[in-house]
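Laboratory data are not the source of any read-out in this text; all were calculated from the coordinates shown. No experiment lies behind these values; they were computed from the predicted model shown. Positions of Cβ are generated from backbone atoms using ideal geometry, with glycine treated the same way; all protein chains shown enter the neighbour counts.
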Amino acid sequence: MQSNPLWYKDAVIYELHVRAFYDSDGDGAGEFKGLTQKLDYLKDLGVSAVWLLPFYPSPWRDDGYDISDYTSVHSAYGTLDDFKTFLDEAHRRDIRVITELVLNHTSDQHPWFQQARGSRDNPKRDWYVWSETPDRYKDARIIFTDTEQSNWAWDISSKSYYWHRFFSHQPDLNYDNPAVREEMWNVMRFWLEMGVDGLRLDAVPYLVERDGTSCENLPETHDVLKFLRHRLDENFPDKMFLAEANQWPHDVRAYFGSADECHMAFHFPLMPRMFMAIKLEDRKPVVDALDRTPAIPAPCQWGIFLRNHDELTLEMVTMDERDYMYDEFAKDARAKLNLGIRRRLAPLMESDRRRIELLNGLLMSLPGTPIIYYGDEIGMGDNIYLGDRNGVRTPMQWNGGWNAGFSAADPERLYSALISNPLYGYQIVNVESQKRSEHSLLSWMKQLIRVRKSTRVFSRGTMEMLHPLNHRVLAYVREFEGEKILVVSNLSSQAQAAELDLRRWKGTVPIEMFGGNPFPRIGDLLYLLTLGPYHFYWFRLRQL
Amino acid sequence: MAETAQLSDEFIRQLSAVGEVDVLVGIPTFNNKDTIERVVRAVQIGLTKYFHRDRCVLINPDGGSTDGTPEIFKNASVSDFEIMLTSNPLRTFHRVSAPYHGIPGKETALRTLFVAADLLRAKACAILSPTSLSVTPEWVESLVRPAYRENFDFVAPLYQRQKFDGLLVKGLLSPVVRAAYGARIREPVAGDFGLSGKLARHFLDKNIWDQDMTTFGLEIWMTTTAIVDGFKISESFLGPRIQPAPQFGQDLPGTIRQVVGALFKCLEMHESYWLAHSGSEALPTFGFQYDVALEPLKLSTKTILDNFRSNIDQLVPVLESILTPATLVDIRKMIDLPDKQFRCADELWVKTIYEFAAAYHHSAINRDHLLQALTPLYRARVSSFILENAKAPAAKLEQKFEDLGQEFERQKPYLIDRWTAKAGGDR
């Protein structure tokens, strides 16, 4: 692995679920040995980091986000040695590994909680948040509105209530207790010493509770993160924290601190607005989101994404925007879940290749580190008839053969049904068939990633928004160390003309980055570009 | 299709940046600096509040204002939506302002808007007067929604007017349209109205844009053409309508020449339709018709009556060419009535108007002179109406107008007789 303390800024991250990726032992679910076998695919795709969903021992009542042992591997995924082998093989291919760390809560099956509920005198009792009444912290909202009616759950063993911001089987840890902080650092050190490159910190806004507040984004929560970051910098200077804080940018900004909390944080509000912009055929939602995005410390970076393992969350939109998104993207009510839409990228775009490409073009060119969700690079579909978010966590579709090439098990034994409908079924949408075509989505994604990685402008550069009269055209200039890239995207389903004020870059020649063709030199006049439906250009502006 | 060459390059450039739209709102202006900002702000809020998902554009064709109206149009804004609205706009709010080519005037501006609606493939349009002091964001919704969502093609406004405001509309234009065309449209010549994109294109296709009538009476032509050509028409209640300081009689001859002349001309254009049509129907009306206490217009009947009496004698030779002897006798009888007993009955008024219409049709005399001769008679009718209803409540006034409408309908056969009679043969 080449040393690069800012590797996370230059990375293209690929998010996957070990269980869903490849089953090498024929038991119906993926494991680390299988994932290791598919690392060449990821290398060939061009991604530079893999983010793994939780693989720890767990009762799997929340797909692994209910951890019952932080320093082991769920037996279904293999052993710690299997993980170490995977890690080494990934590093050998210059692919870094980011793992999940669910800081906020454990499973109710975790021994810590079992001890805590077993006796009020147990030292672990204070590792969780207890109350004699469900009246504390009343101002905290309920996140999983479809399933939970309160943030307090009654524990029949100790006859008291425990606090949970997510499912009731996920009791929140008590970060007011220094022992909890210390133990969580020990967990981090365990994985970092093994070689893990980054930790995605799940649900960080909710670590600490205070009466009279929303119990989100509290100063005390930031103190916890500063404590952990300080330990990290002291011991592992090249490692990275990625915060999951589904909040407005000005609130998320706090999770970067003064570059002394998290290195990265997801930009949640931008994601739905990219979809909205394409549906509205208007750049306004994206421009508004970026306008409201505060500057962040130089070493920090936004993590941007189109889809992930959760529903397309609509928490960070207005009620009107949410209604609009539901009406346009969740016409089938089964697609709705909590405050979001449980669909993959391709179905959201009605398998329109042009729109899928445009969204990926935005993902790869807007400020931030792009994160691709497994299967979206081939346009996989989903299954809204499966419960919770399982419909977007179905097996990876490797080929058109037995079980999509995912597993040799009997189909009935698979952890999840395959996508098999005529539009997105594995017989049609799979890696093997797309590898055979230069014009497949997979081939196109490889090229896109290659071009993205050909420069550091996208990963580190500044951005200047342009404001052509035509609002259907989104245009901006990225710049880093004297290198400039012009991005122009047509958000509309119809051909558009745009006149760009590029006079600041007068004299430069736009070189189209995918084909390498030079365009007319920029002069004193507005620069006229015509774009086909959903078409986009990336131009390197060169002094020639 | 009307030529589009009247659009300037700059206008086309701005329109091409807007692209296809769902809703187009037009505000034609000419030196309206005192009122335009309020109207623009109301429209912006209205579009955001009621059409925040839809593709909207606000267009201001300007007739060459020299008072800074276009600049005020461009800069008028609502910055804090959160205070005023429940929502922020989802889309870019477009506004286009450009001077139009041709003779400055509302008709050229409307033509420009219709061309823009055609180019942008607008589904629904609303045209708003730049001078209304009482415009609200709800006007936009009321005028657009029936065309956009309810499949209507023409949306006439329904105002709550000050007492005695709009007597020319209520006492002449509306009842004539009702009797002739069969549609009980209460504001047939309004400056605020809605229409479908389909109807805008239909208007453009008509070969009237280079005729004189477009200089004066486009509104009545649009209303009656929409009826005759079978478009779906509705009304929307907008609430109070307050315009800057109206003055009764201010260029009344000019107004009558323009508006009544346009009405008579429309009757000629559409005679095959209305001659064969009988009865009338109320229109579907949108909006809750609430009442707001409005100050009545203060009109001096003495001045109006003096004006009538001093002019009528010298007009008798002209009136003899227009009216039947019996009608003229009845009119002359009014001259000597004392002020308090001065009356021009509905029956006589309707008969008079129909005889004027027929005379206009037969070109009994120069048409401008004919329309000029109507002015003192109109003054007489207004005086009579005010005197008779000085203390009448609003509801009773509405009943009076309904009675008048029925009288126009009752006497329609008389109009047909006069209209179809050989010119001058039976006076």
Completion exercise
One finds the C-alpha centres of region A:243-281 and region A:428-477 to be spaced, in Å, by 20 Å
Handout entry: Shape call, region A:61-101: gyration tensor on alpha carbons, a/c limit 1.5
Key = prolate
Exercise for the section: Mind putting a number on the dipole of the protein assembly as shown about its Cα centre? Charges go on the C-beta only, +1 for Lys and Arg and -1 for Asp and Glu, and I need it in Debye to the nearest 20. Expected result: 2080 debye
Exercise for the section: Please work out the Cα center distance from region A:65-82 to region A:176-200, rounded to the nearest Å. Expected result: 15 Å
Fill in the blank from the handout: Connecting every pair of Cα atoms under 10 Å apart in chain B and solving the GNM, the largest mean-square fluctuation among B:N60, B:N32, B:N75 falls on B:N75
Problem - More than 28 Å apart - percent of Cα-Cα pairs taken over region A:399-544 - result: 39 percent
Exercise for the section: Count neighbours as other Cβ atoms within 10 Å of each site's Cβ, and list the chymotrypsin sites (Phe, Trp or Tyr not before Pro) in region A:59-157 that are DSSP loop with at most 10 such neighbours. Expected result: none
Handout entry: Rounded to 10°, Cα long-axis angle of helix B:325-335 versus longest principal axis of chain B
Key = 80 degrees
Fill in the blank from the handout: Summed over the other residues with a beta carbon less than 14 angstrom from that of B:L168, with K and R at +1 and D and E at -1, the charge totals +2
Handout entry: Filter on B:K49/B:K206; A:K284/A:K336; A:K239/A:K279 - keep pairs with C-alpha separation over 31 Å
Key = B:K49/B:K206; A:K239/A:K279
Handout entry: Hull-based mean projected area of chain A, where the convex hull spans the alpha carbons, in square nanometres
Key = 24.4 nm²
Completion exercise
Neighbours of A:V473 by Cβ distance under 11 Å: Lys/Arg at +1, Asp/Glu at -1, summed charge -1
Completion exercise
Counting as exposed only GluC sites (Glu not before Pro) in DSSP loop states with no more than 14 other Cβ atoms inside 10 Å, the longest exposed-site-free span of chain A is A:133-349
Exercise for the section: Could you bin all the Cα-Cα distances of chain B into 10 Å bins starting at 0 and give me the percent of pairs in each, rounded to whole numbers? Expected result: 4, 21, 31, 25, 14, 5, 1
Fill in the blank from the handout: Rounded to the nearest 10, the angle in degrees between the Cα long axis of helix A:353-365 and the longest principal axis of the Cα atoms of chain A comes to 80 degrees
Practice task
Along each of the three principal axes of the Cα atoms of the protein assembly as shown, give the extent in whole Å, ordering the values from largest to smallest.
Solution key: 117, 72, 52
Handout entry: Net charge of neighbours whose Cβ lies under 13 Å from the Cβ of A:I522, counting Lys and Arg as +1 and Asp and Glu as -1
Key = +4
Handout entry: Cα-based convex hull volume of region A:111-163 per residue, rounded to whole Å³
Key = 87 Å³
Handout entry: Magnitude of the charge dipole, region A:411-544, Cβ model with Lys/Arg +1 and Asp/Glu -1, debye to 20
Key = 360 debye
Problem - Pairs from A:K33/A:K453; A:K331/A:K435; A:K38/A:K435; A:K84/A:K435; A:K9/A:K226; B:K298/B:K396 whose Cα-Cα separation, in the structure shown, is over 24 Å - result: A:K33/A:K453; A:K331/A:K435; A:K84/A:K435
Exercise for the section: Take the alpha-carbon positions of region B:301-420, form their convex hull, and give its projected area averaged over all directions (one quarter of the hull surface) in nm². Expected result: 7.3 nm²
Handout entry: Exposed chymotrypsin sites (Phe, Trp or Tyr not before Pro) absent: longest stretch of chain B, with sites in DSSP loops and at most 13 other Cβ within 10 Å deemed exposed
Key = B:1-287
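Given N residues in region A:461-543, what is Rg(Cα) / (2.2 N^0.38 Å)?
Taking the Cα Rg and dividing by 2.2 N^0.38 Å, one obtains 1.01.
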Exercise for the section: Can you tell me the 0 to 90 degree angle between the C-alpha axis of helix B:106-119 and the longest principal axis of chain B, rounded to 10? Expected result: 40 degrees
